[in-house]
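Q: Handing you this structure, nothing more for now.
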Amino acid sequence: MVYKLLILIFLLGLKIGYSNVIYDKNEIIITEIELNNYKELYKNNFGSDISNNIAIKNIVLIMKTLNFLELNNPDFISILDQNIKLEYSDKIFNNQELLNFIRFQKIRNEFISEYFQNIFSIEDLEIIFTNFDSLKLPISKNNCLTIEKLYDVSNDKNFLESFFKNLRKKDLKITTSINEELYEVCLNDKLSNNIESEIIKFIENKTEDDFDKFIYKKNN
């Protein structure tokens, strides 16, 4: 995932001063400014708004995770920070909220990537597609320059197999066969992004237990 830092480092760095404390429990304190900063980071990276309650829950999880790792696995955090420094330069360390956001996402994404590369199956993809109310998609015979018609791919095994085969290659040329004629299924950016989001949500749920075990396991 590419994080949209740009001027966020500087904008978030300017938001200092007095702020109301909105969460104070188990040595974790969250201020109103920190909440708003997190919501801004979330929207810039995931393209959607998030409620205050979910944002607070996420911030608490981030802080618990990093506090635990810094105490019990400092070598892991050190290596993680070295990689972040190489990717974003020293400036990232001027903003703790942004640094922690990126730290957590990189840790979580390791589990998502591992599952996607080694475990993710065509059966998983079939389950994901059931989350969509409609999968009537344009089909074409000339690289989507001309649309033949809308075709429902909900139960189309050819489409499913083609999509799965090309998913890891990030090849958006997805095909299906209708009455022994080959068609390209035309996916726009919005639908492609929606499918990607659903895949990530699915894998997050699948890897939640493994992630928790990694975070909270005791060092020998």
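Q: For the charge dipole of the stretch 122-197, defined by +1 on Lys and Arg C-beta atoms and -1 on Asp and Glu C-beta atoms about the Cα centroid, which residue among F129, Y151, C186 has the Cα displaced farthest towards the positive pole?
A: Farthest towards the positive end: C186.
Q: Can I ask one more? Mind checking which of F104, F116, S140 is farthest towards the positive end of the chain's charge dipole, using Cβ charges of +1 (Lys, Arg) and -1 (Asp, Glu) about the Cα centre?
A: F104
Q: Grab the DSSP H runs of the chain that are 4 residues or longer, score each as -39,500 (n - 2.57), total them, divide by all residues and round the 222 nm result to the nearest 500 deg cm²/dmol.
A: When only DSSP H runs of four or more count, the value is -18500 deg cm²/dmol.
Q: Also, quick follow-up: In degrees, nearest 10, range 0 to 90: what is the angle between the Cα axis of helix 157-167 and the longest Cα principal axis of the chain?
A: For 157-167 against the chain, the angle is about 40 degrees.
Q: In addition: If I model the stretch 122-197 as equal point scatterers sitting on the Cα atoms and use the Debye formula, what is log10 I(q)/I(0) at q = 0.26 Å⁻¹?
A: Values returned for q = 0.26 Å⁻¹ are -1.53.
Q: Nearest 10 degrees is fine. How inclined is helix 74-88 to the longest principal axis of the chain, computing both from alpha carbons?
A: Approximately 60 degrees, to the nearest ten.
Q: Cα-Cα over 27 Å: which of K141/K201; K91/K201; K43/K173; K106/K201; K169/K206?
A: Beyond 27 Å: K141/K201; K91/K201; K43/K173.
Q: Let me ask another. Against the 2.2 N^0.38 Å scaling, with N counting residues, where does the chain land? I'd like the Cα-based Rg ratio to two decimal places.
A: The value comes to 1.24.
Q: Dipole magnitude of the chain about its Cα centre, charges +1 at Lys/Arg Cβ and -1 at Asp/Glu Cβ only, in debye to the nearest 20?
A: Its charge dipole is roughly 440 debye.
Q: Now for a different question. May I ask for the Rg/Rh ratio of the stretch 8-118, computed from Cα atoms with Rh as the Kirkwood radius, given to two decimals?
A: 0.96
Rule-based calculations on the coordinates, nothing more; no lab input. In this text, all values refer to a predicted model and were calculated from it rather than measured experimentally. Quick reminder, even Gly has a Cβ in these numbers, built from the backbone with ideal geometry, and neighbours come from all protein chains shown.
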